[in-house]
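The values are calculated or read from the model by the stated rules, or taken from the named source; none is laboratory data. For clarity, every value in this text was computed on a predicted model and none was experimentally measured. Because the Cβ atoms are built from the backbone with ideal geometry, glycine has one as well, and the counts that use them run over all protein chains shown.
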């Protein structure tokens, strides 16, 4: 498991070199600008929602005794909840709306590594619509799964004994589902939905290893949001193709 996680992380280095070699930075610029716009908007929205959520929780508590403790808990819960929900929303915006730019990155890297033409075209409206619908489909599947974990973590956050581990658990879950979405760009060319789910299930460490740098990049102001979508999809494509190579 640890070896697979490390492999997923290390593939970012190779992906970065490939993006330089293949001159894919024009796609990175487009995704980077869009990422900064949506990411910035979600950050401001999340900050505003923290006060609203915490005030709502505090208003339920009718006593003066222990109110300071309740306020601290409310702010902690609100901070974690808005961060998780904001990251969820950001990921699914990327999966759905960044298709015209992330698709070519994945396919051009595959063309270079396999020598086979993928033939992606911006003028292929049918293909573009198909990819957008695919992004919508995976978003719906992952939202359902993630919301279950969000509810569980939200309930646990009311118990101080779990407070130290909740941010760690939230980070791991978000990283895993981010890697899941990134892998789908390459896997959809080889598998149907059940096949893609099976691949992820059998390569959880590799999937998590892809999602961890993605999440860490989002913690870096500006440059992190700029690079995260394109670089993570490129790294996922490298990971998937090397996994196929191991099996052949």
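In segment 213-226 there is at least one residue matching the filter, namely being surrounded by 24 or more Cβ atoms within 10 Å (Cβ to Cβ), under 10 Å from the mean Cα position of the chain (by Cα), farther than 16 Å from residue 135 by Cα and without any contact (Cβ under 8 Å) to a residue 60 or more places away in the chain. Of the residues making up segment 22-41, those that are farther than 17 Å from residue 217 by Cβ and free of Cβ contacts under 8 Å to residues at least 24 places away in the same chain number 3.
Return the residues of segment 168-219 that are in a loop (DSSP other than H, G, I, E, B) and under 19 Å from residue 84 (Cβ atoms); say none if nothing qualifies. 219, the sole residue that qualifies. Suppose the filter is within 26 Å of residue 237 (Cβ to Cβ), surrounded by 17 or more Cβ atoms within 10 Å (Cβ to Cβ) and at pLDDT below 90; does residue 34 pass it? Yes, satisfied. For segment 99-130, a residue qualifies if it is at pLDDT below 80 and under 17 Å from the mean Cα position of the chain (by Cα), and exactly one does: 99. Among the residues making up segment 9-31, those that are surrounded by fewer than 16 Cβ atoms within 10 Å (Cβ to Cβ) and not in a helix (DSSP H, G or I) are 22, 23. Of 96, 9, all but one fail to be within 24 Å of residue 148 (Cα to Cα) and within 18 Å of the chain's Cα centre (by Cα); the exception is 96. In the set 196, 201, only one residue is out of contact with any strand residue (DSSP E or B) (no Cβ under 7 Å at 6 or more places or on another chain), without any contact (Cβ under 8 Å) to a residue 24 or more places away in the chain and surrounded by 15 or more Cβ atoms within 10 Å (Cβ to Cβ); that residue is 196.
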